[in-house]
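Here is the structure we will look at.
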Amino acid sequence: MKIKFWGVRGSIPSPGTPYVQYGGNTLCVELYLDDIDRRIIIDAGSGLRLLGNHLITEGFSTGSLETDIFLTHTHLDHIIGFPFFGPIFQAGTRLKIYGPVTCEDDSLEAVIGGQLSYRYFPVRQEELTARIEYINLKEGCFDLGDGIRLTTKYLNHPLLCLGFRFEYKGKICCTAYDTEPFQNLFITDPRDPAYDEIMAHQGEAAARDENHRLEDFFAGADLLIHDAQYTRQEYDTGKRGWGHSPIEYAVEAAMRSQVKRLALFHHDPMRTDTQLDELAKLNCDSRNTGNTEAFFAREGMQVEL
Ligand SMILES: [Zn+2]
Ligand SMILES: [Zn+2]
């Protein structure tokens, strides 16, 4: 498995000199299985534009690209690159786009392909020459053919968001793009008039169970790509409930799950290269991360499993 990061920035693209080393494009990761020439793209943030350009210059100009795009969810930073993905304008391109079913009425095609309407973009979806199939995805286990297994898991985010666990020939690549630790949703302060002791305990147990399930989902991964938008301090002072994890939590969860390599990403758009370097020194020191090798993902970085 070859993994390449085409976009590592969360929330919104962040161009500019303070961000050039880690990169300003939003989420897009390519998973390439070279022995069977199969490519899986995870999320369609602005980094997808670069991947599309790369594929075209590499020789897909004849339009013979066949690939799968798996969407974790449809927040803008994860889909904004789709209209700029060059291969969709080429006849012969075959795309399968998988994404979670939301509680809203709109189909995946309306949400993703709907970006190609005159309201937002000069080309309409109906004018595309590529063949695109949209497939709704839920929590479960799936056979993707060629010996590739996919397990999906609901994460904790304000919109239905899926974690992915791809397994191929004994190698495991796992993603938890936008998530934060599951929390007790009931009132925990006994002084609060609405406090209910039983509910508070049940809420605590439910959150603990979900966090354990998520760590089981990560277990033994050769690579885990995990949300690390905030520091613990930022999280505890106003960012709780925003759907993103503290870096420290991602490292601890990966260590508990015996993950071999941890790529921290979904960097905050305000986080400069200097700050990310400092956070890497603080959080990725191998003396503190046990058997897990942790690093902050950069645009253009490649990992081989
Ligand atoms: Zn995001
Ligand atoms: Zn999101």
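The values are calculated or read from the model by the stated rules, or taken from the named source; none is laboratory data. Everything quoted here is computed from the prediction, not taken from an experiment. Here the Cβ positions follow ideal geometry from the backbone for every residue, glycine too, while neighbour counts run over all protein chains shown. Quick note on the areas: whole protein, heavy atoms, side chains included, nothing else; ligands and nucleic acids left out. Shrake-Rupley method; radii C 1.70, N 1.55, O 1.52, S 1.80 Å.
In the range 39-74, which residues are at pLDDT 95 or above, more than 22 Å from residue 161 (Cβ to Cβ) and aliphatic (A, V, I, L, M)? Residue satisfying the conditions is 50 alone. Of the numbered criteria (1) in contact with a Lys or Arg (Cβ under 8 Å, 6 or more places away or on another chain); (2) buried (at least 18 other Cβ atoms within 10 Å of the Cβ); (3) among the hydroxyl-bearing types (Ser, Thr, Tyr), the one residue 151 fails is (2). Of the residues in the range 267-278, at least one is of a type outside the set (Gly, Ala, Ser), farther than 16 Å from residue 225 by Cα, open to solvent by 70 Å² or more (accessible area, probe 1.4 Å) and within 16 Å of ligand 1 (Cβ to nearest atom). Of the listed requirements (1) of a type in the set (A, V, I, L, M); (2) touching a helix residue (DSSP H, G or I) at 6+ places or on another chain (Cβ under 6 Å); (3) away from ligand 2 (no atom under 16 Å from the Cβ), residue 50 misses just one: (2). Within the range 16-31, take every residue that is open to solvent by 50 Å² or more (accessible area, probe 1.4 Å) and touching a residue at least 24 places away in the same chain (Cβ under 8 Å) and give me the one that is farthest from residue 298 (Cα to Cα). That would be 18.
Based on what the data block shows, is residue 164 surrounded by 21 or more Cβ atoms within 10 Å (Cβ to Cβ), touching a residue at least 40 places away in the same chain (Cβ under 8 Å) and more than 13 Å from the chain's Cα centre (by Cα)? Steps first, answer last, please.
Working: surrounded by 21 or more Cβ atoms within 10 Å (Cβ to Cβ): yes; touching a residue at least 40 places away in the same chain (Cβ under 8 Å): yes; more than 13 Å from the chain's Cα centre (by Cα): no.
Against the criterion (surrounded by 21 or more Cβ atoms within 10 Å (Cβ to Cβ), touching a residue at least 40 places away in the same chain (Cβ under 8 Å) and more than 13 Å from the chain's Cα centre (by Cα)), residue 164 does not qualify.
Checking every residue in the range 180-202 against the condition of being touching a Gly at 6+ places or on another chain (Cβ under 7 Å) and within 16 Å of ligand 2 (Cβ to nearest atom) gives at least one match.
Residues that are within 16 Å of ligand 1 (Cβ to nearest atom) and not hydrophobic (A, V, I, L, M, F, W, C), at least 1 per element: which strands (runs of 3 or more DSSP E) completely within the range 1-107 meet that? Talk me through it step by step, then tell me what you get.
On the way: elements: 2-7, 28-33, 38-42, 66-70, 94-100.
Fully inside the range 1-107 and qualifying: 2-7, 94-100.
Is it the case that the range 34-45 has a residue that's without any contact (Cβ under 8 Å) to a residue 60 or more places away in the chain, within 16 Å of ligand 2 (Cβ to nearest atom) and surrounded by 24 or more Cβ atoms within 10 Å (Cβ to Cβ)? Yes, that holds for at least one residue.
Note on the range 242-262: residues that are open to solvent by less than 50 Å² (accessible area, probe 1.4 Å) and within 16 Å of ligand 1 (Cβ to nearest atom) total 6.
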